[in-house]
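Student: Sending over a structure as structure tokens; questions will come in a sec.
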Amino acid sequence: MSQTSATAPAAVSSRRWWTLTVVALAQLMVVLDSTVVNIALPAAQADLQFSNGDRQWIVTAYSLAFGSLLLLGGRVSDLIGRKRTFIIGLIGFAAASALGGAADSFGMLVFARALQGAFGALLAPTALAVLTTTFTIPKERSRAFGIFGAIAGAGGAIGLLLGGFLTEKFDWRWNLYINVFIAVIAVIGAVIFVANAKREGARPKLDIPGTILVSAALFSLVYGFSNAETDGWDSPLTWGFLTAAGVLLVAFVLWQRRAAHPLLPLSIILDRNRGAAYSSVLIAGAGMFGIFLFVTYYLQASLGYSPIQTGLSFLPMILMLVLAAQLGNNIFLPRFGPKVLVPIGMLLGMTGMIYLTHLTTSSSYAADILPPLMILGFGMGTIMPASIQTATLGVDRRFAGVASAMVNTSQQVGGSIGTALLNTLAATAATNYVASHLPASAAVAADAAVASYATAYWWGAGFFAVGFVLSALLFRRKPRPTADGTGATSGTAASPSTSPDSAPEPVVAH
């Protein structure tokens with residue numbers, strides 16, 4: 001054998017890990033952008049002079065575009081190629097970020113945030129699909145998904161840390177400009193390291209009716225919950241959009257059953273393990289947004305932490321999340337499967353949330369805040385990577401993009417539901433507390449805020465409890481290993497939608 005051929009496998013292996021680095025950068029950019037701007041909002045509001053009522057649109061514009069276009073973004077990557085879609089998504093996201101950073105009016109900032117969301121919807125599922133089709137050797141796949149899942153779970157907390165630093169030390173605009181630098185590095189890496197997959201057979205067609213139905217449904221769903229957060233549950237807009245979302249989703253499912261080229265083949269989500277994984281990501285997303293939102297409020301408003309101190313407070317949570325992700329995907333998931341791992345993560349999430357309910361206006365960080373954040377970090381690191389890997393395992397290569405988009409859609413919808421529900425419940429709890437502790441005073445208002453956060457944590461614990469029951473019941477037992485060690489039984493590594501295209505590549509020598 002020649003020297004060239006002898007060294008080829010090493011080169012292939014090295015390229016895979018560089019691909020992971022590029023994908024991880026892109027995923028980090030998209031995920032952290034959902035929280036990095038939150039800390040910059042007060043400074044942006046003072047600079048651009050928009051009202052408190054308008055402020056929520058800086059966040060909502062991003063989540064509406066991102067949430068409603070995710071499935072379309074995933075399908076586009078299946079149709080025109082993952083490398084091309086990935087690079088287009090990176091360049092578009094960077095351009096939208098630069099526009100937002102340079103915004104001289106409220107309208108321009110909202111438009112830029114919506115544009116960021118649209119390109120994020122193209123980028124996020126494509127990044128996961130690149131990973132899904134690049135890492136097919138079981139051991140490598142576990143390691144890669146452990147890293148990716150850790151970033152997916154920790155991105156929000158990293159956004160808080162980065163947002164605090166940039167806002168305090170530079171300017172709120174750098175929370176957007178930073179994406180340009182990340183994207184430039186990722187584009188260069190994508191051009192060099194992301195492989196172009198060859199399409200086999202005829203070019204598939206885009207399901208236009210399905211795309212319109214599901215995009216409108218997801219828009220209505222996210223907008224309905226966002227409106228509930230600001231205008232309340234009795235608002236006609238809230239119920240109107242949520243009802244429309246239900247009708248459109250039913251119409252979408254009925255259309256997918258008869259479409260010649262379905263946007264989302266129903267076999268993908270009807271597979272029991274994948275359905276359990278998507279529901280776990282949705283529930284974890286709802287709980288996770290509650291952690292970031294209310295703990296951030298508590299640290300800054302109740303304890304008087306600065307933005308940087310708030311971000312640093314989440315650092316132990318990130319470290320525990322990364323540790324759990326690596327231990328879970330490399331050691332525990334191959335041994336026990338998601339049926340054991342995900343419910344344990346849900347129990348840890350529930351425990352951490354209950355721990356947070358005991359916070360008061362005089363709690364200390366080391367004794368009262370650090371332990372639950374570490375428990376929650378370990379719980380999220382146990383849930384997310386295992387669920388993400390299971391959600392994309394065994395999917396026909398032609399549908400890797402749309403299956404990956406379902407992961408992001410689940411997390412986004414979960415976050416929207418969680419934020420709206422928990423905010424509404426917390427606001428009601430605060431009002432009731434003040435009403436029962438008259439006369440009102442600054443001390444009563446401070447205690448009411450902490451009591452409202454405790455209400456949100458109890459409901460967050462309830463989310464994780466539901467997640468525990470669902471994941472324990474729905475996930476199949478760990479599959480029996482086959483001759484090639486992939487465990488292709490019980491619908492985990494193989495499924496009704498698996499085709500020869502998606503079969504694992506042969507293991508190469510290292």
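Student: What are the GluC sites (Glu not before Pro) within the stretch 156-256 that DSSP puts in a loop, where the Cβ has at most 15 other Cβ atoms within 10 Å?
Tutor: Listed in order of number, the matching sites are Glu200.
Student: Enumerate the whole-percent occupancy of each 20 Å bin, from 0 to the last occupied one, for all C-alpha pair distances of the chain.
Tutor: Histogramming the chain at 20 Å steps yields 23, 58, 17, 1, 0 percent.
Student: Mind checking which of Gln389, Pro371, Gly117 is farthest towards the positive end of the chain's charge dipole, using Cβ charges of +1 (Lys, Arg) and -1 (Asp, Glu) about the Cα centre?
Tutor: Of Gln389, Pro371, Gly117, it is Gln389.
Student: If you don't mind, there's one more thing I want to ask. Need the full-extension length gain, Asn196 to Tyr365, defined as separation in residues times 0.36 nm minus the C-alpha distance. One decimal, nm.
Tutor: Answer, rounded to one decimal: 56.0 nm.
Student: At what distance in nm do the modelled label points of Asp47 and Asp104 sit from each other, each positioned 7 Å from its Cα along Cα→Cβ?
Tutor: My value for the distance between the label points is 1.4 nm.
Student: Still on this structure, I have one more. Given the DSSP H assignment, sum -39500 (n - 2.57) over each helix run of at least 4 residues in the chain and divide by its residue total; what's the result at 222 nm in deg cm²/dmol, nearest 500?
Tutor: -26500 deg cm²/dmol
Student: Would you check the chain for Lys pairs whose C-alpha atoms are within less than 26 Å, ignoring same-chain pairs closer than 8 in sequence, and give me the count?
Tutor: 7
Student: For a quick protection proxy, order the peptides 422-429, 255-262, 235-242 by their average other-Cβ count within 10 Å, most packed first.
Tutor: Ranked from most to least packed, the peptides come out as 422-429, 235-242, 255-262.
Student: By per-residue mean of other Cβ atoms within 10 Å, what is the highest-first order of 399-406, 215-222?
Tutor: My ranking of the peptides, most packed first, is 399-406, 215-222.
Student: Something else about it: First measure r as the distance between the Cβ atoms of Ser235 and Ala301, then evaluate 1/(1 + (r/R0)^6) with R0 = 25 Å and state the FRET efficiency to the nearest 0.05.
Tutor: 0.45
Student: On the Cα set of the stretch 207-262, report Rg and Dmax in Å, please.
Tutor: 12.8, 41
Student: Then there is this: So, by mean Cβ neighbours within 10 angstrom, what's the order for 446-454, 465-473 with the highest one leading?
Tutor: Put in order of decreasing packing, that is 446-454, 465-473.
Student: Could you tell me the relative contact order of the chain? Use alpha-carbon pairs under 8 Å, at least six residues apart, and round to a whole percent.
Tutor: For the chain, the relative contact order is 22 percent.
Coordinate-derived values only; no laboratory data. Small disclaimer: the values here were computed from a predicted structure and weren't measured. Virtual Cβ from ideal backbone geometry, glycine too; neighbours counted across all protein chains shown.
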